[in-house]
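Here the structure comes first, spelled out in structure tokens, and everything after it is commentary.
The values are calculated or read from the model by the stated rules, or taken from the named source; none is laboratory data. Not measured: the values here are computed from a predicted model. Methodologically, a virtual Cβ is constructed for each residue, glycine included, from the backbone with ideal geometry; neighbour enumeration extends over all protein chains shown. Keep in mind that these areas ignore ligands, DNA and RNA; they rest on the heavy atoms of the full protein, side chains included. Shrake-Rupley method; radii C 1.70, N 1.55, O 1.52, S 1.80 Å.
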Amino acid sequence: MNFDTTAIHNNSGGSQWANASCVPIFQTSSFHYDTAQELADVFEGKSPGYIYTRISNPTNIAFEMRLNALEDGIGAIATSSGMAAISSVVLGLLRSGDEIVATNGIFGGSVSLLKNILSKFGVTTKFIDPLDITAFKQTIGEKTRLVFTESICNPTLAVPDITEISKITRSANIPLIVDNTIATPYVFLPGKFGADIVIHSTSKFINGHGNAIGGAIIDTGNYNWKAGKFDDIKELARKAGNFAFLSHLRNLVHRDIGGCASPFNSFLMIQGLETIGLRMEKHCRNAMEIARFLEAKGVGQVNYPGLESSSSFQTAKKLFVDKFASVLTFGLGSKERAFKFIDSLKTAKNLANLGEVKTVVIHPASTIFREFSAEDLRLLGIEEDTVRISVGIEDIEDIKNDFNNAIENTLRR
Ligand SMILES: *Cc1c(COP(=O)(O)O)cnc(C)c1O
């Protein structure tokens with residue numbers, strides 16, 4: 001099946017779900033068995049079955065299978081948020097004394113997790129420029145256990161060359177973890193280009209409508225856990241083969257950390273996935289038009305990987321061909337102007353999310369990144385005058401008019 005067909009039909013149920021046309025919501029915390037032995041066997045893994053929704057649930061599994069099919073992985077785990085997905089992966093792989101190599105300019109919550117939380121447990125993170133391939137070679141050392149980046153960095157919109165980075169992580173025998181939230185599997189499949197684990201905040205384009213928070217972890221099958229650097233997972237791999245990491249998460253880390261998805265949210269995520277191809281096609285087209293429109297307007301620097309002026313354009317072209325997702329940033333010269341621009345918008349909403357069907361804007365420096373130091377903001381590419389835009393799927397003329405009127409109003413004295 002091709003992408004759009006998979007998004008609609010993969011594991012959409014059958015007679016075991018009374019031929020329901022939509023995946024049903026299994027709104028239950030637990031699952032009963034007739035005999036004590038049967039439940040004991042499920043606990044032991046001797047027979048298949050559901051136990052408790054924190055570990056797994058049929059609606060969650062349906063969503064996991066569908067997203068996994070779109071990412072072309074070997075399996076997935078849905079989580080309560082994107083941050084829960086990242087936390088489970090890093091806590092599942094690392095121990096005190098280990099090091100992470102991560103790239104600058106990634107999601108603020110991820111930076112804070114790596115810097116402020118993991119450091120308390122003796123895990124050190126070294127941040128490097130995502131576009132500097134030699135920096136990966138130079139920074140990965142004896143203690144490095146994973147490399148973490150985003151396929152399109154949010155908010156810098158840098159596009160790291162996953163192919164080249166994966167060659168380096170492969171030779172260092174450590175997994176490359178790629179947060180694919182901004183690109184989505186419609187624009188980019190990190191696993192095809194060598195990434196080992198894919199992360200999603202499904203709260204964004206996968207959900208698409210801003211009505212639920214969620215996340216997901218996908219094992220692409222590229223990393224050889226049998227010969228990896230993780231003794232506990234290696235041990236598991238003798239029985240579970242390459243499913244060892246997913247099994248390690250499902251039966252231990254994800255289970256014990258407790259960041260499980262709600263079945264109701266998984267239902268909403270499945271609804272979102274069914275139209276992701278259609279939505280992303282329009283998101284990408286609208287974003288390209290808005291980027292060109294803002295550039296032509298000549299107000300300030302427009303940053304979008306689909307523009308030739310972007311330092312990531314060549315890599316984006318190589319990896320994504322002709323679709324560049326729908327997040328962009330632009331500068332207006334001052335914080336006052338940025339605020340005035342946002343206040344002048346009539347259709348676009350000012351809110352702390354992205355990837356919704358509606359166009360949304362935010363002033364990052366005073367909101368999502370307000371706790372960050374001046375140095376961190378510089379690395380994030382966030383200036384006092386930066387506005388981040390997630391271009392929606394409204395009629396392009398209406399978005400353009402809204403932006404045009406807001407810019408005119410901002411520049412009027
Ligand atoms: C939003 C976001 C996250 C965090 O996801 P939540 O669902 O909000 O926890 C992680 N990575 C990226 C790139 C994001 O945009």
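Look at region 163-205 and say how many of its residues are within 29 Å of ILE393 (Cβ to Cβ) and either in contact with a strand residue (DSSP E or B) (Cβ under 6 Å, 6 or more places away or on another chain) or acidic (Asp, Glu) (or both).
Initially, region 163-205 is screened for residues within 29 Å of ILE393 (Cβ to Cβ), giving 178-193, 195, 198-205.
Now drop any that are not either in contact with a strand residue (DSSP E or B) (Cβ under 6 Å, 6 or more places away or on another chain) or acidic (Asp, Glu) (or both), which leaves 178-182, 190, 195, 198-202.
Within region 163-205, residues that are within 29 Å of ILE393 (Cβ to Cβ) and either in contact with a strand residue (DSSP E or B) (Cβ under 6 Å, 6 or more places away or on another chain) or acidic (Asp, Glu) (or both) number 12.
Looking at ILE197, is it of a type in the set (Val, Ile, Thr), within 14 Å of the ligand (Cβ to nearest atom) and within 15 Å of VAL147 (Cα to Cα)? Outline the logic, then answer.
Numbers: of a type in the set (Val, Ile, Thr): yes; within 14 Å of the ligand (Cβ to nearest atom): yes; within 15 Å of VAL147 (Cα to Cα): yes.
Considered against the rule, which asks whether it is of a type in the set (Val, Ile, Thr), within 14 Å of the ligand (Cβ to nearest atom) and within 15 Å of VAL147 (Cα to Cα), ILE197 comes out as yes.
Give the residues of region 143-157 that are hydrophobic (A, V, I, L, M, F, W, C) and either open to solvent by 10 Å² or more (accessible area, probe 1.4 Å) or at positive phi (or both), sorted by residue number.
So the first thing to find is which residues in region 143-157 are hydrophobic (A, V, I, L, M, F, W, C), and the list is 146-148, 152-153, 157.
Correct list: LEU157 only.
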Worksheet item: Being in a loop (DSSP other than H, G, I, E, B), within 27 Å of the chain's Cα centre (by Cα) and within 16 Å of the ligand (Cβ to nearest atom), is that true of even one residue in region 325-348?
Response: yes
Discussion item. Give me the residue from region 72-89 that is surrounded by fewer than 24 Cβ atoms within 10 Å (Cβ to Cβ) and more than 14 Å from the ligand (Cβ to nearest atom) and, out of that set, nearest to ILE117 (Cα to Cα).
Written reply: GLY75
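Can you go through SER309, SER373, SER326, SER344 and tell me which one is over 27 Å from PHE188 (Cβ atoms) and touching a residue at least 12 places away in the same chain (Cβ under 8 Å)?
Numbers: SER309 fails: over 27 Å from PHE188 (Cβ atoms); SER373 fails: touching a residue at least 12 places away in the same chain (Cβ under 8 Å); SER326 fails: over 27 Å from PHE188 (Cβ atoms).
Criteria check complete, one pass: SER344.
Name the residue, out of PHE245, PHE293, that is surrounded by 24 or more Cβ atoms within 10 Å (Cβ to Cβ) and assigned to a helix (DSSP H, G or I). Let's see the steps before the verdict.
Working: PHE293 fails: surrounded by 24 or more Cβ atoms within 10 Å (Cβ to Cβ).
Step by step, each of PHE245, PHE293 is checked, and only PHE245 is surrounded by 24 or more Cβ atoms within 10 Å (Cβ to Cβ) and assigned to a helix (DSSP H, G or I).
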Practice prompt. Could you tell me whether ARG388 is surrounded by fewer than 17 Cβ atoms within 10 Å (Cβ to Cβ), closer than 28 Å to THR184 by Cα and among the charged types (D, E, K, R)?
Written response: no
Discussion item. Under 6 Å between Cβ atoms, which residue pairs at least 6 apart in sequence (or on different chains) link something in region 110-126 that is closer than 14 Å to ILE86 by Cβ with a partner that is not hydrophobic (A, V, I, L, M, F, W, C)?
Written reply: LEU114/THR125; VAL123/ASP98
Worksheet, complete the sentence: Here the residues within region 155-170 that are at pLDDT 95 or above and assigned to a loop (DSSP other than H, G, I, E, B) are LEU157, ALA158, VAL159, PRO160, ASP161
Discussion item. Quick check on my filter: what residues within region 3-25 are open to solvent by 60 Å² or more (accessible area, probe 1.4 Å) and in a loop (DSSP other than H, G, I, E, B)?
Written reply: ALA18, ASN19, SER21, CYS22, ILE25
Worksheet item: Would region 42-60 turn up any residue that is more than 30 Å from ILE128 (Cα to Cα), within 16 Å of the ligand (Cβ to nearest atom) and over 15 Å from the mean Cα position of the chain (by Cα)?
Response: yes
Worksheet item: Among the residues of region 171-225 satisfying the criterion of being among the polar types (S, T, N, Q), in a loop (DSSP other than H, G, I, E, B) and in contact (Cβ under 8 Å) with a residue 60 or more places away in the chain, which is surrounded by the most Cβ atoms within 10 Å (Cβ to Cβ)?
Response: THR202
Practice prompt. Exactly one condition in (1) open to solvent by 10 Å² or more (accessible area, probe 1.4 Å); (2) touching a strand residue (DSSP E or B) at 6+ places or on another chain (Cβ under 8 Å); (3) more than 13 Å from the ligand (Cβ to nearest atom) is not met by ASP231; state its number.
Written response: (2)
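Go over the candidates LYS229, LYS234, LYS239 one by one and state the one that is in a loop (DSSP other than H, G, I, E, B) and more than 28 Å from VAL23 (Cα to Cα). Break it down into steps so the answer makes sense when it comes.
Values: LYS234 fails: in a loop (DSSP other than H, G, I, E, B); LYS239 fails: in a loop (DSSP other than H, G, I, E, B).
Unique residue meeting the criteria: LYS229.
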Discussion item. Need the failing condition index for LEU252 against (1) at pLDDT below 95; (2) at positive phi, just the number.
Written reply: (2)
Item to complete: Spot the failing condition for PHE341; the list is (1) crowded, with 21+ Cβ neighbours inside 10 Å; (2) modelled with pLDDT under 95; (3) of a type in the set (Phe, Trp, Tyr), and only one is missed.
Response: (2)
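Tally the residues that are under 15 Å from ILE165 (Cα atoms), of a type outside the set (D, E, K, R) and either open to solvent by 20 Å² or more (accessible area, probe 1.4 Å) or assigned to a strand (DSSP E or B) (or both), restricting the search to region 101-142. Reasoning before the result, please.
Residues of region 101-142 that are under 15 Å from ILE165 (Cα atoms), as a first pass: 101-104, 127-141.
Remaining after also requiring of a type outside the set (D, E, K, R): 101-104, 127-128, 130-131, 133-136, 138-141.
Still in the running and either open to solvent by 20 Å² or more (accessible area, probe 1.4 Å) or assigned to a strand (DSSP E or B) (or both): 101-104, 127-128, 131, 133-134, 138-141.
Within region 101-142, residues that are under 15 Å from ILE165 (Cα atoms), of a type outside the set (D, E, K, R) and either open to solvent by 20 Å² or more (accessible area, probe 1.4 Å) or assigned to a strand (DSSP E or B) (or both) number 13.
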Worksheet item: Mind checking which pairs have a first residue in region 40-67 that is within 17 Å of VAL253 (Cα to Cα) and β-branched (Val, Ile, Thr) and a second that is open to solvent by 40 Å² or more (accessible area, probe 1.4 Å) and at pLDDT 95 or above, Cβ under 6 Å, 6 or more apart or different chains?
Response: THR53/SER29
Practice prompt. Go through region 116-151 and give me each residue that's within 15 Å of the ligand (Cβ to nearest atom), out of contact with any helix residue (DSSP H, G or I) (no Cβ under 6 Å at 6 or more places or on another chain) and either among the polar types (S, T, N, Q) or closer than 22 Å to ARG370 by Cα (or both).
Written response: ILE117, THR149, GLU150
